[in-house]
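Enquirer: First the structure, which I've put down as structure tokens, then a few questions once you've had a look.
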Amino acid sequence: MWKLVNGHLIQTTDMSRVKFRTNISKATLENLNNLALEYDTHVNYLIESGLQTVLFQGVIHFNKETRPKDRIQYKTTYDKELLEQVKEFAKNHQLFINDVIEYSVQYINFDIIKNSSHKNRIEQ
């Protein structure tokens, strides 16, 4: 993100975002990559949209026996507050965070996702 300070642009780190590493289904990640290209966004913005929807609903119907076997490591950044809420949600439902992430993909709201230039925004 960029900040406008005294008429000059200064590149800064968005302190509301944190790095997070998890394991996610390779097939799901490939699908998310295709959607990100189609909707001019980033995978983590898609995931965040789905997570927000699941948290808002407050309900998850996840069958632990159907966990994908093709999980690979995935590192990205998430909104700090959202990630904390997801961690608590997963704990309360006795799931792993990656289970919640994979489940949330079906609830992505394409009307509210951030576009790929969001990280390069200018704030005053």
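The values are calculated or read from the model by the stated rules, or taken from the named source; none is laboratory data. These numbers were taken from a predicted model, which means no experiment stands behind them. Cβ coordinates were reconstructed from backbone atoms using ideal geometry, including for glycine residues, and neighbour counts include every protein chain displayed. With ligands, DNA and RNA removed, areas are computed over all heavy atoms of the protein, side chains included. Shrake-Rupley method; radii C 1.70, N 1.55, O 1.52, S 1.80 Å.
Enquirer: At 7 Å along Cα-to-Cβ for each site, give me the label-to-label distance between residue 96 and residue 80 in nm.
Expert: Result for the modelled spin labels: 2.7 nm.
Enquirer: Within straight cross-link reach of residue 87, meaning Cα distance under 18 Å, which aspartates and glutamates are found once same-chain residues fewer than 8 apart are removed?
Expert: Qualifying aspartates and glutamates at Cα under 18 Å: 48, 79, 99, 102.
Enquirer: Report the label-to-label distance for residue 39 and residue 62 in nanometres (one decimal), using points 7 Å from each Cα along the Cα→Cβ vector.
Expert: 2.0
Enquirer: At a 10 angstrom cut-off on C-beta neighbours, averaged per residue, how do the peptides 81-88, 98-105 rank from highest to lowest?
Expert: 98-105, 81-88
Enquirer: I would also like to ask the following. When the accessible area of region 29-124 is split by element with a 1.4 Å probe, what percent falls to carbon and sulfur?
Expert: Here it works out to 47 percent.
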